[in-house]
1. How many angstrom lie between the Cα centre of the stretch 159-206 and the Cα centre of the stretch 66-123?
2. So which of Lys348/Lys393; Lys166/Lys381; Lys72/Lys166; Lys166/Lys318; Lys116/Lys318; Lys348/Lys381 end up more than 29 Å apart by C-alpha?
3. Which chymotrypsin sites (Phe, Trp or Tyr not before Pro) does the stretch 24-58 hold that lie in a coil by DSSP with at most 13 other beta carbons within 10 Å?
4. Which distance in nm do the two modelled labels at Asp133 and Ser109 give, with both placed 7 Å along the Cα-to-Cβ direction?
5. In what sequence, highest mean first, do 13-20, 124-131 appear when ranked by Cβ atoms within 10 angstrom?
6. Share of Cα-Cα pairs in the chain beyond 27 Å, in percent?
7. Can you list which of the DSSP-assigned H helices in the chain have a Cα extent of 27 Å or more along the long axis and an average Kyte-Doolittle score of at least -0.5?
8. For the stretch 357-375 and the stretch 124-138, what is the separation of their C-alpha centers, rounded to whole Å?
Amino acid sequence: MQQQSVEFNPFSQAFQIDPYPIYHQLRSISPIHRIQSFSVDQWYITRYQDVQTILNDPRFTVDDLPHRLEAKASHLKQQGDFNHLIQTIHHWLFFLEPPHHTRLRSLLSRSFSAAKVEQLRPQIQVIVDRLLDHFTPGTPVDVMAQLAAPLPTLVSAELLGIPSSKQATLTQWGSILFRVFNRPLSLQDYQLINQVALEFKEYLQEVVSTLRKSPQTSLISQLIVLRDEENRLSEDELLALIGMLFSVGQETTENLIGNGIFALISHPQQLQTLQQHPALIQSAVEELLRYDSPVQILSRTAIADVELDGTTLRRGDKINLLLGAANRDPARFPVPDQLDIRRGEHSKLPFGSGIHYCLGSELARVQGQIAIHTLVQRFPKLTVEVDRVERRKTIVLRGFKVLPITVTVP
Ligand code: HEM
């Protein structure tokens, strides 16, 4: 395919504020877009169909971050190593391929089925109600700090069997660990994430040791049985999986709730429709996931030369799948920039596709549904303090750092 000239810089400020016009331009001029970097070609893919095809093609593998970090660490010996970080992410599903991936994923999948997650609804509702009790009508409240961030931490703590008393620290650890997916990362970033990986691991070792003595019904206790009685995973894998489940569900779910609330308040007609027809909440959450996706970019590496619509992606090339762009592809969604909570067709991509499809998608959906439903029903009038809104400076995840809103009751 003839490459036309288009300016695309995912690290620019304009991209961080509103990537959608940039995605449209890229998709229409250069849907399979190449940026040559020092050693490997980077491709940016924006069409829904292409993203879905690549995610389901075994000739594209996930990023081998643990090994890349090992190589980086050996270059930087004087500045310390990243051993704790590497050990932590070594068994994370995101960076594994079959058969290692299949074995570990199969140990977890049943706990995250739709039926299992449905059983958590009452507990999640109690947590949301308690968090919303702190919202004072007429006084601005940062909905990220008071609802979107603590909710996934408290839910994960409940599911896994981790005491929730350390909620603030756990939220912070989860969010710092998840930065391994961000880019670019400085040496200081890696050192901080490595330090947090150590502290988190030491804490989890204590939790596991307590639960070994007094087992519960929680997920960690179930994993301990798989480890100790059935020998189906190693101690390192046990700790890594707990750390992974805790961290990855944090900022992603937080962004679903924050982006969702912001989108609804910015579209008063849609908000009103949802308030008048609460049964639309499931469809609304699917549309919010499409409209402003919490995860914007997935990475893959080509392990063979692959032809995609006339363009050859070469073995070793890095492929960036722009989920946010695919979710606004006009070839798939009529009037894609319009938020429409009654939209018939939902996107299948906000949680990825193929063997790495999000393990926690149902858990995230249910948290999003309960948080947004309860907020908009309990407080009929909601406004955003637009001047005080702050976005996170990340390109892989899209969300708010601070989102002050004011709620009013009749
Ligand atoms: C709105 C919230 C969420 C979004 C948008 C989201 C999105 C995603 C996406 C796009 C992937 C695919 C990664 C890839 O293919 O490279 C993924 C994978 C994954 N997600 Fe989520 N996620 C969310 C919440 C959660 C939660 C709550 C959990 C668990 C507690 C979770 C656990 C995982 C795991 C373990 C994987 C890796 C699966 C594998 O590689 O087999 N996610 N997620």
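1. 13
2. The answer is Lys166/Lys381; Lys72/Lys166; Lys166/Lys318; Lys116/Lys318; Lys348/Lys381.
3. Phe38
4. Modelled inter-label distance: 4.0 nm.
5. Result, highest mean first: 124-131, 13-20.
6. 52
7. Passing helices, by number: 187-213, 235-266.
8. Value for the Cα centre distance between the two parts: 17 Å.
Here, each number is a calculation from the coordinates, and none is a lab measurement. This is a predicted model, so every value here is computed, not measured. All Cβ positions, glycine included, derive from the backbone under ideal geometry; neighbour counts span all protein chains shown.
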